[in-house]
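The values are calculated or read from the model by the stated rules, or taken from the named source; none is laboratory data. Fair warning: this is a prediction, and the values are worked out from it, not measured in the lab. Note: ideal-geometry Cβ built from the backbone for every residue, glycine included; neighbour counts use all protein chains shown. To get the accessible areas, we keep the full protein, side chains included, count just its heavy atoms, and leave off ligands, DNA and RNA. Shrake-Rupley method; radii C 1.70, N 1.55, O 1.52, S 1.80 Å.
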Amino acid sequence: MIPVLDRIENTILRYNMIPPGIRLGVAVSGGADSVFLLHYLVARGGASITVLHMNHGLRGADSERDSDFVRELASG
């Protein structure tokens, strides 16, 4: 496994952050870090995932594009 993924998984296991069968709400902004987190957690399995996104509308059209992107990501 890629070293950073090993570190993430070891942290999850060490602190029992995701017990089997848990339901997770994952906040996804549309940026690289939160999209990576979502992909990792989906691939990891063991939890039911709900994607959460809040569009505050602070960046105009960019905010709308982020919302559209996250909506598509969540539905796929």
*Going through region 13-27 one residue at a time, which ones are touching a residue at least 24 places away in the same chain (Cβ under 8 Å) and over 28 Å from S67 (Cβ atoms)?*
P20, G21
*Scan region 16-67 for residues that are among the acidic types (D, E) and in contact with a Lys or Arg (Cβ under 9 Å, 6 or more places away or on another chain) and report the count.*
1
_Checking the structure you have, find out if any residue of region 58-71 is open to solvent by less than 90 Å² (accessible area, probe 1.4 Å) and either assigned to a strand (DSSP E or B) or touching a helix residue (DSSP H, G or I) at 6+ places or on another chain (Cβ under 7 Å) (or both)._
no
*Among (1) small (G, A, S); (2) farther than 19 Å from R7 by Cβ; (3) surrounded by fewer than 15 Cβ atoms within 10 Å (Cβ to Cβ), the one test that A74 misses*: (3)
*Please go through region 1-41 and pick out each residue that is open to solvent by 90 Å² or more (accessible area, probe 1.4 Å) and either of a type in the set (K, R) or within 16 Å of G76 (Cα to Cα) (or both).*
R7, R14, R23, F36, H39
